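Q: This structure is in structure tokens; I'll ask about it shortly.
The values are calculated or read from the model by the stated rules, or taken from the named source; none is laboratory data. Every value quoted in this text rests on a predicted model; they were computed, and no experiment measured them. Neighbour counts run over all protein chains shown; Cβ positions are idealised from the backbone, glycine included. Ligands, DNA and RNA are excluded from the accessible area calculation, which covers all protein heavy atoms including side chains. Shrake-Rupley method; radii C 1.70, N 1.55, O 1.52, S 1.80 Å.
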Amino acid sequence: MIHQLVYYSRNTVPGGDRAMLTNMRDILSVSQRNNSRDGVTGFLIFDKTWFVQILEGERAKVTETYARIARDTRHTATAIINVRDVPARLFPNWTMGGAMRTPEVQEVYLQHGFGGPLEPGRLKSDQVVNLALDLQAFEANRRQGQKLAS
Ligand code: FAD
């Protein structure tokens, strides 16, 4: 069984889109290094106010990773939406994938009924997982398109 934890938190790093993108890239690169060591996979959604993240892996590793993340001052008020055991990983290929909310991915948010800001206190974990899966697919298609064009 794979342990899956979904939480949200509020961003504390000020700045415009460029600063936020740099922050997101820093977080993802450290995450990818640590998570590949720990067998953790998942996806990080960032809508510029809120982070919503899915962590999957061995229970002890997921718990340890979340404890480390929760101490990070780049965000605050971390709150767990759901923890559960799932039969298989939903994000097997991503030691941590991520998508910042940019105009490019707005259509994906709209398809999931998120026209305005996220209200993470009202989100169900399945809504988060489904949005993350489509953001992941969007990103994979975009990369594939880039490969074909080059
Ligand atoms: P360190 O060597 O301690 O730090 C690596 C780099 O990150 C350094 O360059 C440092 O400048 C920078 N950094 C670390 N902490 C801070 C901070 N508090 N403020 C500003 N810069 C900092 N980590 C994971 O391992 N897996 C995850 O999935 C994951 N997801 C995250 C999601 C969010 C929304 C946030 C905010 C953080 C996440 N992190 C994740 C990062 C985590 O909080 C720790 O910073 C990281 O795990 C520390 O790893 P380290 O000890 O190997 O790196």
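Q: For residue 97, work out the one condition from (1) over 15 Å from residue 3 (Cα atoms); (2) free of Cβ contacts under 8 Å to residues at least 12 places away in the same chain it doesn't fulfil.
A: (2)
Q: Which residues, taken from segment 1-20, are assigned to a strand (DSSP E or B), open to solvent by 20 Å² or more (accessible area, probe 1.4 Å) and among the hydroxyl-bearing types (Ser, Thr, Tyr)? Break it down stepwise before answering.
A: Initial filter on segment 1-20 (assigned to a strand (DSSP E or B)): 2-11.
Then drop every residue that is not open to solvent by 20 Å² or more (accessible area, probe 1.4 Å), which leaves 2, 8, 10-11.
Residue satisfying the conditions is 8 alone.
Q: Continuing with this model, one more query. Which condition number does residue 95 fail, the rest of (1) of a type in the set (Val, Ile, Thr); (2) crowded, with 18+ Cβ neighbours inside 10 Å; (3) not in a loop (DSSP other than H, G, I, E, B) being met?
A: Here residue 95 meets the rest and fails (3).
Q: On to the next question. So, in segment 109-148, of the ones that are farther than 16 Å from residue 6 by Cα and in a loop (DSSP other than H, G, I, E, B), which residue ends up most open to solvent (accessible area, probe 1.4 Å)?
A: Per the criteria, the residue is 117.
Q: A further question on this structure: Going by what's in this entry, would residue 28 be described as away from the ligand (no atom under 12 Å from the Cβ) and under 15 Å from the mean Cα position of the chain (by Cα)? Let's see the steps before the verdict.
A: Numbers: away from the ligand (no atom under 12 Å from the Cβ): no; under 15 Å from the mean Cα position of the chain (by Cα): yes.
It is false that residue 28 is away from the ligand (no atom under 12 Å from the Cβ) and under 15 Å from the mean Cα position of the chain (by Cα).
Q: State yes or no: is residue 37 more than 13 Å from the chain's Cα centre (by Cα), more than 7 Å from the ligand (Cβ to nearest atom), within 24 Å of residue 134 (Cβ to Cβ) and open to solvent by 50 Å² or more (accessible area, probe 1.4 Å)?
A: Values: more than 13 Å from the chain's Cα centre (by Cα): yes; more than 7 Å from the ligand (Cβ to nearest atom): yes; within 24 Å of residue 134 (Cβ to Cβ): no; open to solvent by 50 Å² or more (accessible area, probe 1.4 Å): yes.
In short, no.
Residue by residue, here is whether (1) more than 13 Å from the ligand (Cβ to nearest atom); (2) touching a Gly at 6+ places or on another chain (Cβ under 8 Å) holds:
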| residue | (1), (2) |
| --- | --- |
| 3 | yes, yes |
| 42 | no, yes |
| 58 | yes, yes |
| 62 | no, no |
| 68 | no, no |
| 86 | yes, no |
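Q: Hey, can you tell me all the residues within segment 33-59 that are farther than 14 Å from residue 101 by Cα and among the basic types (Lys, Arg)?
A: Here is the first cut: in segment 33-59, the ones farther than 14 Å from residue 101 by Cα are 33-42, 54-59.
Selection gives 33, 37, 59.
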